[in-house]
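The values are calculated or read from the model by the stated rules, or taken from the named source; none is laboratory data. Note that the structure is a prediction, hence the values are computed from the model and not measured. Here Cβ is always computed from backbone atoms with ideal geometry, including for glycine, and neighbour counts include all displayed protein chains. Side chains included, ligands, DNA and RNA excluded: accessible areas come from the protein's heavy atoms. Shrake-Rupley method; radii C 1.70, N 1.55, O 1.52, S 1.80 Å.
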Amino acid sequence: MDVRVGDILVMKKEHPCKNREFLVLRVGMDFRLRCTKCGHEFMAPRVKIEKNIKKIMRQDGENI
């Protein structure tokens, strides 16, 4: 899956603050994500994140 730094991921499951959008800060074997509502940052394994992605929004306006 083509996920880049700066993308916003819309997830199937929501964060405890009731938000589904996360900004990608780091890509590799793990993703570092930041909640766009509360600002909480966390790292999670790539496999777990890719399985829960509903939509990818790019900075250039492209949606995947």
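Side notes on the structure shown:
- Computed from backbone phi, the HN-Hα couplings of segment 13-25 come to 9, 9, 6, x, 7, 6, 10, 10, 9, 9, 8, 7, 9 Hz, rounded to whole numbers (Karplus: 6.51 cos²θ - 1.76 cosθ + 1.60, θ = phi - 60°; Gly and Pro given as x).
- Computed over protein heavy atoms with a 1.4 Å probe, the accessible surface of the chain works out to 66 Å² per residue.
- Rounded to whole numbers, the Karplus 3J(HN,Hα) couplings from phi for segment 45-61 are x, 4, 4, 5, 5, 4, 5, 9, 6, 9, 8, 10, 10, 8, 5, 7, x Hz, using 6.51 cos²θ - 1.76 cosθ + 1.60 with θ = phi - 60°, and x at Gly and Pro.
- Dividing the helix sum by the residues of the chain, where each DSSP H run of 4 or more adds -39500 (n - 2.57), gives a mean residue ellipticity at 222 nm of -2000 deg cm²/dmol.
- The chain - percent relative contact order, Cα under 8 Å, separation 6 or more: 33
- The distance between label points at ARG46 and ASN19 comes to 2.6 nm (points 7 Å beyond Cα on the Cα→Cβ vector).
- Ligands, DNA and RNA left out, the 1.4 Å accessible surface of the chain is 52% carbon and sulfur atoms.
- Reduced Cα scattering model of the chain, Debye log10 I(q)/I(0), q = 0.22, 0.26, 0.27, 0.28 Å⁻¹: -0.86, -1.24, -1.33, -1.43
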